[in-house]
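**Q** Can you read through this structure? Questions will come right after.
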Amino acid sequence: MPSFIRSSASGSCLALCCLFPVILQAANGPAPNLAIEILDSATGQAVHPEQITARNLESSATVQVLGAEQLTASGRAALSLPRGRHEIAVRAAGYSPIAGVFEMSESNPYRIRLLLDPLETPAELDPDNLALLLRDDAMLIQGLVTDDATGQALAAVRVTSSPGVSAITDQRGFFRLYLPVEPGSDLDYGNTLGFQKDGFQTQQRDHVEVWPRGDWTYRVRLAPGSGVSHIDEQETRRRAPAAPSKSARRNAAVPTILPPPDEP
């Protein structure tokens, strides 16, 4: 298992994490390369880094460097690493650097997704700005929608809800809407959210929680294709009905270990 460190621009360590912001995803069978995907932790969209460096900790003379010209706009890269422990470091303009250790096996079953923290939080996601938008009679729902294949923002995605409120994503993939609630009421689980765009699999989220003066930010990834995928939010409750907090968490829950790509 890897451990990664978020660093400031000056190189000082801000936090040591066992898995987050690293997400391990099982790959399909043995792989000689280590596949890496680099995303913006605020938006969930691809980051094109300036450089990825891999240093073999068991042979200090072995260093592999990928420059920006060798990396795709989708924020994906592949490192050919021998068996053993490697320090992997990523730098991108406008983001805090990240570095950590990964142990490579002969039949590596993982791909790594790195979440880089932007130096400036987008205005739409700033907690102080969000606090000004809260309403007694509604739940603020907003988010960013991304093409799962390219990591790029998806514009013109239709976002619908069971109360009949809808929105369309802009060029940044951003949307915002309010779901009505009764002032002073507790949690309501009867809402659904749908994300639809031609050429992509529709995503429907069932049992969406809403509460007065609440807010939630989604990072949605739509896969190219057709059909409908269902996500039951009962499995990832955000608030406990017995003791709702006064302020909503800002970020949708993200699993640390994702299922293999060939599983539903």
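The values are calculated or read from the model by the stated rules, or taken from the named source; none is laboratory data. Keep in mind that what you see is a predicted model, and the values were worked out from it rather than measured. Every residue, glycine as well, gets a Cβ built from its backbone with ideal geometry; the counts of neighbours run over all protein chains shown.
**Q** Output the residues belonging to the range 78-94 that are crowded, with 18+ Cβ neighbours inside 10 Å, part of a loop (DSSP other than H, G, I, E, B) and at pLDDT 90 or above.
**A** Ala92
**Q** When you scan the range 104-130, how many residues do you find that are without any contact (Cβ under 8 Å) to a residue 12 or more places away in the chain and more than 20 Å from Gln45 (Cα to Cα)?
**A** So the count comes out to 2.
**Q** Something else about it: All but one of (1) in contact with a strand residue (DSSP E or B) (Cβ under 9 Å, 6 or more places away or on another chain); (2) modelled with pLDDT under 95 hold for Gly164, so report the exception by its number.
**A** Tallying (1) in contact with a strand residue (DSSP E or B) (Cβ under 9 Å, 6 or more places away or on another chain); (2) modelled with pLDDT under 95, Gly164 fails exactly one: (1).
**Q** Just for the range 100-114: of the residues that are modelled with pLDDT of 85 or more and among the small types (Gly, Ala, Ser), which one is nearest to Ile88 (Cα to Cα)?
**A** Initial filter on the range 100-114 (modelled with pLDDT of 85 or more): 100-105, 111-114.
When the remaining residues are screened for being among the small types (Gly, Ala, Ser), the result is 100, 105.
Numbers: Gly100: 5, Ser105: 15 Å.
Selected residue: Gly100.
**Q** At pLDDT 95 or above, crowded, with 20+ Cβ neighbours inside 10 Å and within 26 Å of Gly225 (Cα to Cα), is that true of Gly75?
**A** Numbers: at pLDDT 95 or above: no; crowded, with 20+ Cβ neighbours inside 10 Å: yes; within 26 Å of Gly225 (Cα to Cα): yes.
No: the conditions fail for Gly75.
**Q** May I ask you to list the residues in the range 200-223 that are under 19 Å from Arg172 (Cα atoms) and either without any contact (Cβ under 8 Å) to a residue 24 or more places away in the chain or of a type in the set (A, V, I, L, M) (or both)?
**A** Answer for the range 200-223, where residues must be under 19 Å from Arg172 (Cα atoms) and either without any contact (Cβ under 8 Å) to a residue 24 or more places away in the chain or of a type in the set (A, V, I, L, M) (or both): Val220, Leu222, Ala223.
**Q** Shifting gears a bit: Name, by its number, the condition in (1) on the phi > 0 side of the Ramachandran plot; (2) touching a His at 6+ places or on another chain (Cβ under 9 Å) that does not hold for Gly199.
**A** (2)
**Q** I want to confirm something. Restricting to the range 191-211 and keeping residues that are crowded, with 18+ Cβ neighbours inside 10 Å, modelled with pLDDT under 95 and not β-branched (Val, Ile, Thr), which single residue is nearest to Pro127 (Cα to Cα)?
**A** Result: Trp211.
**Q** What number of residues in the range 184-198 are assigned to a loop (DSSP other than H, G, I, E, B) and not hydroxyl-bearing (Ser, Thr, Tyr)? Give the derivation first.
**A** Step one: list which residues in the range 184-198 are assigned to a loop (DSSP other than H, G, I, E, B), which gives 184-187, 197-198.
Still in the list and also not hydroxyl-bearing (Ser, Thr, Tyr): 184, 186-187, 197-198.
Total satisfying the criteria: 5.
**Q** Hand me the list of strands (runs of 3 or more DSSP E) wholly inside the range 95-183 holding 1 or more residues that are surrounded by 14 or more Cβ atoms within 10 Å (Cβ to Cβ) and under 17 Å from the mean Cα position of the chain (by Cα). Can you show your working first?
**A** Working: elements: 98-104, 110-116, 138-147, 158-161, 166-168, 174-180.
Because the criterion is at least 1 residues that are surrounded by 14 or more Cβ atoms within 10 Å (Cβ to Cβ) and under 17 Å from the mean Cα position of the chain (by Cα), the strands (runs of 3 or more DSSP E) in the range 95-183 that meet it are 98-104, 110-116, 138-147, 174-180.
**Q** Do any residues in the range 177-199 that are farther than 11 Å from Val210 by Cα and free of Cβ contacts under 8 Å to residues at least 24 places away in the same chain have Cβ atoms under 8 Å from those of residues that are hydrophobic (A, V, I, L, M, F, W, C) and part of a strand (DSSP E or B), where the two are at least six apart or on different chains, and which pairs are they?
**A** From residues that are farther than 11 Å from Val210 by Cα and free of Cβ contacts under 8 Å to residues at least 24 places away in the same chain, there are no pairs.
**Q** Another question, then. Any idea which residue in the range 40-66 is modelled with the lowest pLDDT, counting only those that are assigned to a loop (DSSP other than H, G, I, E, B), farther than 30 Å from Gly143 by Cβ and among the aliphatic types (A, V, I, L, M)?
**A** Ala61
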